[in-house]
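The values are calculated or read from the model by the stated rules, or taken from the named source; none is laboratory data. Since the structure is predicted, the reported quantities are computational estimates derived from the model, not experimental observations. Cβ sites come from the backbone with ideal geometry, for glycine too, and all protein chains shown count toward neighbours. SASA here: full protein model, heavy atoms, side chains in, ligands and nucleic acids out. Shrake-Rupley method; radii C 1.70, N 1.55, O 1.52, S 1.80 Å.
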Amino acid sequence: MALGGMFRNSAAIYLHLVGPLQRKKAGASLSRCLHQTLTMSKRLQARRLDGIDHNPWVEFTKLASEYDTVNLGQGFPDFPPPDFAMEAFQHAVSGDFMLNQYTKAFGYPPLTKILASFFGKLLGQEIDPLKNVLVTVGAYGALFTAFQALVDEGDEVIIIEPFFDCYEPMTLMAGGRPVFVSLKPTPTKNGELDSSSNWQLDPMELASKFTPRTKALILNTPNNPLGKVFSKAELELVASLCQQQDVICITDEVYQWLVFDGQQHISIAALSLALAASLPGMWERTLTIGSAGKTFSATGWKVGWVLGPESLMKHLYTVHQNSVYHCPTQAQAAVAQSLEREQLHFGQPSSYFVQLPQAMQRTRDYMIRSVQSVGLRPVIPQGSYFLITDISDFKSKMPDLPGAVDEPYDRRFVKWMIKNKGLVAIPVSIFYSVPHQKHFDHYIRFCFVKDESTLQAMDKKLQEWKDELRA
Ligand code: IK2
C-alpha cells in the first residue's frame, strides 16, 4: 500500500508537468504500470522470511530511544577502543590511498596472514591464509556465510539455548530445521548466588537430539546472554557426539578474550579426541568464528572472520565471493595492525587481551552489587560482557504488568522498567525458541561493557528504586 501510494504521488507530479497529449499517453501507460505494481505487491516477501520478520531488537531499541534512559541493552562498549587500534584505523584511512580500493575477496592479505599465524598457534594448527581463513562483515557475516554454505533444505541444526538470537533465523533462511536443547540451571543452595557454570547440558538429552539429518551444531562459548564458558569436559562431550554422528560444529567465539576469575577459554577446534582417532577430528569439522568488534571494543568496524579446514571453507568462499565479496579494506587494515601489535604483547600485562577482561571483571562485579541491592538476583557470568538477573521476586509481587497476556513476563517487565525506571535491559526469553520461552521468562540481561559513569548512572537509578521499594 505504501509502495502504491508513493508511486501514485510521483505519477501525479509527472502528469502535472507534461503537455495534454503526452499526458493522455503517459497516463495510459502509467496506469498499466501502476496496475502491475499493485498486482505485484500481493506477495513481495520471499517465503524464507516467513515467521522471522519480527525482530525484538528493533522493538526494544526503539522503545529505549523514546525515554530518558541508561542503556544497558545492546552489547557494545560506550568507551573508545584502545589507542593503538584507533591509531591503526586513522593510519588506514589517511595512509596508503590503495586502501580505498578493493582487496582480495577472502580478506586483505596482511589480515589473513596475521589471523593464520595468531590463531594457528592458539588452535595448534598449520593455518594457510589462502585456504583456511575468510574475513567477513562482522561475526554476523561469518555466521550467515557459514549457514548459507553448509545448511541445506531439511538439514537439522542443533542450537544450544539460550542462544544468540540470529542462529534460528539464519538456520531457517538456509532452509534448515533448528533443533533446540537447553542449558538447565542446577538449583543453588539457599542464599548462594547462581553462576553460569551451574547451567549445564543433560548429556542424554543432547545425544537424543542427533539424528541422521543433523548437519551442524552451533556452539557459543563464552555464551551470549548467559556468560557461560564451556569447560573442557563439556566441550569433549559435544565434540565426541559431533565426531560419532559426523556433524559439523560452528563455534561462535567472539567473546573469547572476555573470561573472568581465572577461567580459561577453550576452542573446540583445538581438541583432539583419543576415542575417535580414525574419524575426522575437530579441526576437520569445525568453523571457528571471531569478531574484531568484540576483540578491540570497536563493534562499528564490522570485521569478523571464520577459520576452518579447506573442505568446509571452499564452500564459504563460494557464498562470500558471490554475495558480499569483501568487507571494507581500511577496517581490515586496522584490524591487521592491531592483531600484529597484540601478537607482540601476547600474554603480557600490556596486552589488550589481558587488560580488557581485567577491566570488565571490575565492571561486572560493580554491576552485581548494584543489581542485588534492589532484589534482582544475578547469575554470575564466567565470561562475555552480559549479566543475566533473575526477576522472579518481582514476578510474584507484580504479576499483572501491562502487555498482551501471551507476551512473556520478562518482555513486559523490561518495557515497564524502561518506561518507569529509565533502565534498558534485554529480556532473556528472546534468546530461546518459542516453545521454551515460558520456562525462561524470569530473567533479564544487562550489558556491562560500559564506562564507569554509565554504571554509576545505573546504580543511581537502582538506589532511587530501592528507596521506593522501602517506602
Ligand atoms: N555472535 C555473538 C555471540 C554476538 O553476541 C554477536 C554480537 N552481538 O551483540 C549484540 C547483543 O547481543 O547485544 C555477534 C556474533 C555479532 O558480532 P559482530 O558485531 O562482529 O557482527
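Do any helices (runs of 4 or more DSSP H) lying entirely in the stretch 390-456 carry at least 1 residues that are under 26 Å from the mean Cα position of the chain (by Cα) and crowded, with 22+ Cβ neighbours inside 10 Å, and which ones are they?
Working: elements: 392-397, 409-421, 434-437.
Helices (runs of 4 or more DSSP H) meeting the threshold: 409-421.
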Single unsatisfied condition, G95 versus (1) more than 16 Å from the ligand (Cβ to nearest atom); (2) under 19 Å from C327 (Cβ atoms); (3) modelled with pLDDT of 95 or more; (4) out of contact with any helix residue (DSSP H, G or I) (no Cβ under 7 Å at 6 or more places or on another chain): (3)
Qualifying residue in the stretch 246-263 (condition: assigned to a helix (DSSP H, G or I) and surrounded by fewer than 15 Cβ atoms within 10 Å (Cβ to Cβ)): no
Residue in the stretch 33-47 that is modelled with pLDDT of 75 or more and outside any loop (DSSP other than H, G, I, E, B) present: yes
Candidates V303, V335, V324, V319, filtered to the one that is touching a Cys at 6+ places or on another chain (Cβ under 8 Å), touching a residue at least 60 places away in the same chain (Cβ under 8 Å) and at negative phi: V303
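Report the residue count in the stretch 229-242 for those that are open to solvent by 10 Å² or more (accessible area, probe 1.4 Å) and in a helix (DSSP H, G or I).
So in the stretch 229-242, the residues open to solvent by 10 Å² or more (accessible area, probe 1.4 Å) come out as 231-234, 236-237, 240-241.
Then drop every residue that is not in a helix (DSSP H, G or I), which leaves 232-234, 236-237, 240-241.
Number satisfying all stated conditions: 7.
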Matching residues, the stretch 334-355, being open to solvent by 10 Å² or more (accessible area, probe 1.4 Å), part of a helix (DSSP H, G or I) and not basic (K, R): Q337, E340, Q343, L344, H345, Y352, F353, V354, Q355
N224, sole failed condition from (1) in contact with a helix residue (DSSP H, G or I) (Cβ under 8 Å, 6 or more places away or on another chain); (2) of a type outside the set (F, W, Y); (3) more than 30 Å from G375 (Cβ to Cβ): (3)
Subset of the stretch 210-228 that is in a loop (DSSP other than H, G, I, E, B) and over 14 Å from D246 (Cα atoms) - its residue that is nearest to the ligand (Cβ to nearest atom): N224
Test result for V247, aliphatic (A, V, I, L, M) and away from the ligand (no atom under 16 Å from the Cβ): yes
Residue within the stretch 107-123 that is open to solvent by less than 80 Å² (accessible area, probe 1.4 Å), closer than 30 Å to G175 by Cα, touching a His at 6+ places or on another chain (Cβ under 9 Å) and in a loop (DSSP other than H, G, I, E, B) present: yes
Odd one out for Q330, checked against (1) closer than 30 Å to C447 by Cβ; (2) open to solvent by less than 10 Å² (accessible area, probe 1.4 Å); (3) away from the ligand (no atom under 16 Å from the Cβ): (2)
The stretch 106-162, subset of a type in the set (G, A, S) and either touching a Phe, Trp or Tyr at 6+ places or on another chain (Cβ under 7 Å) or within 16 Å of the ligand (Cβ to nearest atom) (or both), residue nearest to S311 (Cα to Cα): A146
Test: residue in the stretch 370-388 that is outside any helix (DSSP H, G or I), away from the ligand (no atom under 15 Å from the Cβ), open to solvent by less than 20 Å² (accessible area, probe 1.4 Å) and farther than 29 Å from Q263 by Cα: no
Subset of the stretch 81-97 [assigned to a helix (DSSP H, G or I) and touching a residue at least 60 places away in the same chain (Cβ under 8 Å)]: F84, A85, A88, F89, H91, A92, V93
